Every structure is written in structure tokens, then in C-alpha cells.
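The values are calculated or read from the model by the stated rules, or taken from the named source; none is laboratory data. Given the structure is predicted, the values throughout are model-derived calculations rather than measurements. As a convention, Cβ positions derive from the backbone with ideal geometry for all residues, glycine included, and neighbour counts pool all protein chains shown.
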Amino acid sequence: MPLPKAELHLHIEGTLEPETAFALAARNGVTLPYADTDALREAYRFTDLQSFLDLYYALMDVLRTEQDFADLADAYLARAAAQGVRHAEIFFDPQAHLKRGVELGTVVEGLWRALGRSEQNHGVSTQLILCFLRDESADSALRTLRAAEPWLDRITGVGLDSAEVGHPPAKFREVFRAAADLGLRRVAHAGEEGPPQYITEALDVLGVERIDHGLRCMEDPALVDRLVRERIPLTVCPLSNVRLHTVASLAEHPLPAMLDAGLVCTVNSDDPAYFGGYAGDNFDAVRDTLGLTEEQLRTLARNSFLAAFLEHDEERRQRCLAEVEAYSFG
Ligand SMILES: [Zn+2]
């Protein structure tokens, strides 16, 4: 039995496996510019974040109907459950769908078909987090939030993702304030490719409760002190960092140093279909390559439930935490 964990950094569009992409393309009459799944996998050799994003947005075109989104989410939840995920906070990118003519309702209702039955079908509780694309305008983000208002009962929070450099958090001050006024939780990608100051800005200007990635905090000891003192969770994605060359190799990943510094780290998969593994695969990779101890792995799992937006179901959080403490590695 795998170590129980919560996944807090997962883009549902990034769970599109090549086989599913071809199946949905056939179902929707979309022609993919790849001969077969092997040719597509070959295209997954990214040089940086932008080269990944180009393919990520191109492949999304196969997602057209509510059923497509439901099938995508259901496939992720089944895989996640098999790797010990008990709770998943799932990002989605409405702007990427809106601009190719897919309505927000199609996306949310489709995802909800799977999420609404996830506890019964997979034993995984879920939350949905609407992400703004930071390389789009602040106005576009605001319009997206307004368009999402009919579905706010199904959306727990907002996030900020896509190309980081040149798009500082402060650009989205207004939409994050509006989201807070609507009672939404707030997270943001920061310090993946962008500088440590973006992490500070996400906390101070956007009021985020968690930082997605956050690796580059290690360049600023005062920031590390603050993140430790304020117990700000960081949703680290080791295999993603390797594939996008944020770190030179997994062996050089700063996760052990981050844990030693007392940072509240969690381990997540980001875009698992593209980066070589789901949550459990990421745990296995950091155990095998970085030599994390059983107690460090238990800390990562404990942190994931402590950092989860489970305030509405503290009983579930405590039950999952108890499972983590009782878990025997073997
Ligand atoms: Zn991400």
C-alpha cells in the first residue's frame, strides 16, 4: 500500500496521456500533427517551460465536450488513487479553453461529473482551483473570474500559472483581491523560473496561502526564514523541475536542503503525463535519487494534508494524518 498523500499541485490538462489525446482526437474529429503515440512522446523532450507550454496548449485542442473533461479527470483520479492520493486539489486553466471556443460551463460541469463522484469511485476527495494564465492580461483574468461566478459553489480557490518570467504577481493584484472578496482561497506559482522576489510579491500583494514550486526561495535566506516562520507551504514538483530544466538533474534537486531548512514542503506531480510520473512516482524518485529517509517522506505526506484546503472537513484531514502517522514503510 502506498503512503497516503494529498496532491496540491496538479493541472488537470497536464494529465492528458498520449493514448487519451489520440482517443479524444478520434472522437472529436481533430487531427493531431503526430503519426502515433510514440511520435507524440518524442515531442515531450522539452528544453524549458515555454517549449512545454507550446505543446501543452496545442494538445488541449482535443478537449471539447463535458464528457472529454469528465473522462480526463476520471482517468487522473484512478491513477492518483492507485498511488496513494487521498485528496486532490486540481488546477484548471479556463482561459486556455475559452480562447478556443470551449465554454467555462463545459469545463466545470465536465470536470464535476468526475469530481462529484470521486470519493465514492476512487476514495479521493477533491477541490477545484481556477488558475489564471499569467501571460494573458490582467483584464482577461478579471473577465474570467466574472465568467466563473455561476460556478463558484464548485470552485475553492484561484491560482496563477503558465509562463512566469516577465509576469510578476503584482500584475494580478486586482483579480486576486476580487477573488478574496468572493471568499476564494488563493495560491500562485512563484519562484519556479522567476526570481525569489516573485514569492514575496505573491504573499504580500496577492495574499496567497501557498506557493506553487517556490524553489528559488533558496537563493534568499531572509525569505526562507520568513516562509519557515509563517509556515507557508510550498508545492514542490521534482520530476517537473527536471523535465523543464529548473534543476540540472534530480540528484541536484534542493528538496533535501529545503526540508533541512524547515520549509513546509509537499511533493506533487504538476503535469504528470508530460513530466514522467504521478504523485507516487515523484515520491519514489526523491526517495531513490535523493535518499530521503522514511521520516522525511512521512513529513512530506503529513505536510500535504496540513496544507490542504480541508477546513470544511477537519475530520477527513485528521483521519488522513492518522493514516500517515500509522503508515509502515516496507
Ligand atoms: Zn504547475
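Among the residues of the range 65-78, those identified as crowded, with 21+ Cβ neighbours inside 10 Å and not acidic (Asp, Glu) are 69, 72, 73, 76, 77. Looking across the range 188-198, the residues that are part of a loop (DSSP other than H, G, I, E, B) and within 16 Å of the ligand (Cβ to nearest atom) come down to 191, 192, 193, 194.
Okay, residues lined up against (1) over 26 Å from residue 16 (Cβ atoms); (2) in contact with a helix residue (DSSP H, G or I) (Cβ under 8 Å, 6 or more places away or on another chain):
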{"residue": "243", "(1), (2)": "no, yes"}
{"residue": "252", "(1), (2)": "yes, no"}
{"residue": "276", "(1), (2)": "no, yes"}
{"residue": "287", "(1), (2)": "yes, yes"}
{"residue": "303", "(1), (2)": "yes, no"}
{"residue": "309", "(1), (2)": "no, no"}
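Pairs linking a residue in the range 246-274 that is on the phi < 0 side of the Ramachandran plot to a residue that is surrounded by fewer than 17 Cβ atoms within 10 Å (Cβ to Cβ) and of a type in the set (S, T, N, Q), with Cβ atoms under 8 Å and 6 or more positions apart or on different chains, are 250/289; 251/289; 253/289. For the range 127-170, the set of residues classified as in contact (Cβ under 8 Å) with a residue 24 or more places away in the chain and basic (Lys, Arg) consists of 134, 154, listed by residue number.
Which residue is surrounded by the most Cβ atoms within 10 Å (Cβ to Cβ), if the candidates are limited to the range 287-312 and must be touching a residue at least 40 places away in the same chain (Cβ under 8 Å) and within 18 Å of residue 330 (Cα to Cα)? Among them, the one singled out is 301.
Inside the range 1-13, residues that are in a helix (DSSP H, G or I) and either under 26 Å from residue 296 (Cβ atoms) or at pLDDT below 95 (or both) make up a count of 0. Those helices (runs of 4 or more DSSP H) of the range 33-110 in which 1 or more residues are touching a Pro at 6+ places or on another chain (Cβ under 7 Å) and more than 30 Å from residue 194 (Cβ to Cβ) occupy 37-42. For the range 187-208, check the following and say yes or no: at least one residue is farther than 22 Å from residue 53 by Cβ and either buried (at least 23 other Cβ atoms within 10 Å of the Cβ) or in contact (Cβ under 8 Å) with a residue 60 or more places away in the chain (or both). Checking the range 187-208: not a single residue is farther than 22 Å from residue 53 by Cβ and either buried (at least 23 other Cβ atoms within 10 Å of the Cβ) or in contact (Cβ under 8 Å) with a residue 60 or more places away in the chain (or both). Got at least one residue in the range 84-94 being small (Gly, Ala, Ser) and either under 30 Å from residue 327 (Cβ atoms) or within 16 Å of the chain's Cα centre (by Cα) (or both)? The answer is yes; a qualifying residue exists. If you check residue 274 against the conditions, is it at pLDDT below 95, within 26 Å of residue 12 (Cβ to Cβ) and of a type in the set (Phe, Trp, Tyr)? So residue 274 passes the test.
Sub-6 Å Cβ pairs linking a first residue in the range 211-223 that is closer than 13 Å to residue 257 by Cβ and hydrophobic (A, V, I, L, M, F, W, C) to a second residue that is modelled with pLDDT of 95 or more and within 16 Å of the ligand (Cβ to nearest atom), at least 6 apart or interchain, are 215/191; 217/191; 217/199, ordered by first then second residue. Residues that are basic (Lys, Arg) and surrounded by fewer than 16 Cβ atoms within 10 Å (Cβ to Cβ) were ranked within the range 115-162; the one that is nearest to the ligand (Cβ to nearest atom) is 143.
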